[in-house]
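Participant: This is the structure I want to talk about, given as structure tokens.
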Amino acid sequence: MNTKTPECYTTDTQARCLRVQMTTTRWLVLPLDQFVFAELDSEGKEQKLRLVFATHEILITGHVLQRVETSIHRLELSGLMKLPEKYHALIAENQPRIREIVVTETKPGDSQAQAALN
């Protein structure tokens, strides 16, 4: 029997890429050397973490996302995934819980991406 607590993110000190699982059948791998910045909004109970890469923007909604932000800050974040609702009760209160992941591709000259950087 597996007694390991499910986690919605993984870290690796040797990570070169971030693997994002949007659904059970859709994955995206982004090189960490294209990471531009992160923004954490902690207003209210739910948090939003925005990760901006050269070609994509990832918006994560959930709880206790400071640990995820710290991992990307150290360039150790290697994986992100939304855990099914049935596993949320198994996660300790002080552990990150990702409720939603939205990935947007940014294109050169995209006015929305440019506005976000200004």
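Participant: Please sort by residue number the trypsin sites (Lys or Arg not before Pro) in segment 1-91 whose DSSP state is loop and whose Cβ has at most 11 other Cβ atoms within 10 Å.
Facilitator: In loop regions of segment 1-91 (DSSP not H, G, I, E or B), the sparsely surrounded trypsin sites (Lys or Arg not before Pro) are Lys4, Arg16, Lys45, Arg74.
Participant: How much mean residue ellipticity at 222 nm does the chain get from its helices, if each DSSP H run of length 4 or more adds -39500 (n - 2.57) and you divide by all residues, to the nearest 500 deg cm²/dmol?
Facilitator: Rounded to the nearest 500, it is -3500 deg cm²/dmol.
Participant: Order by neighbour count: His56, His73, fewest other Cβ atoms within 10 Å first, most last.
Facilitator: Sorted ascending by nearby Cβ count, the order is His73, His56.
Participant: Could you run the Karplus curve 6.51 cos²θ - 1.76 cosθ + 1.60 with θ = phi - 60° over segment 56-71 and give me ³J(HN,Hα) per residue in whole Hz, x for Gly and Pro?
Facilitator: Going residue by residue, I get 9, 10, 10, 10, 10, 10, x, 10, 6, 7, 4, 5, 5, 4, 4, 5 Hz, with x marking Gly and Pro.
Participant: Next question, about the same structure. When you take every Cα atom in segment 5-51, what is the radius of gyration, and what is Dmax, the widest Cα pair distance, in Å?
Facilitator: 12.9, 34
Participant: Using just the Cα positions, wrap segment 9-108 in a convex hull and report its mean projected area in square nanometres, one decimal place.
Facilitator: Projected over every direction and averaged, the Cα hull of segment 9-108 covers 6.5 nm².
Participant: Restricting to DSSP loop positions (anything but H, G, I, E, B) with no more than 10 other Cβ atoms inside 10 Å of their own Cβ, which GluC sites (Glu not before Pro) remain in segment 1-96?
Facilitator: Hits after loop and neighbour filter: Glu43, Glu93.
Values in this text are rule-based calculations from the coordinates and carry no lab data. Being a predicted model, the structure only gives us computed values, none of them experimental. Every residue, glycine as well, gets a Cβ built from its backbone with ideal geometry; the counts of neighbours run over all protein chains shown.
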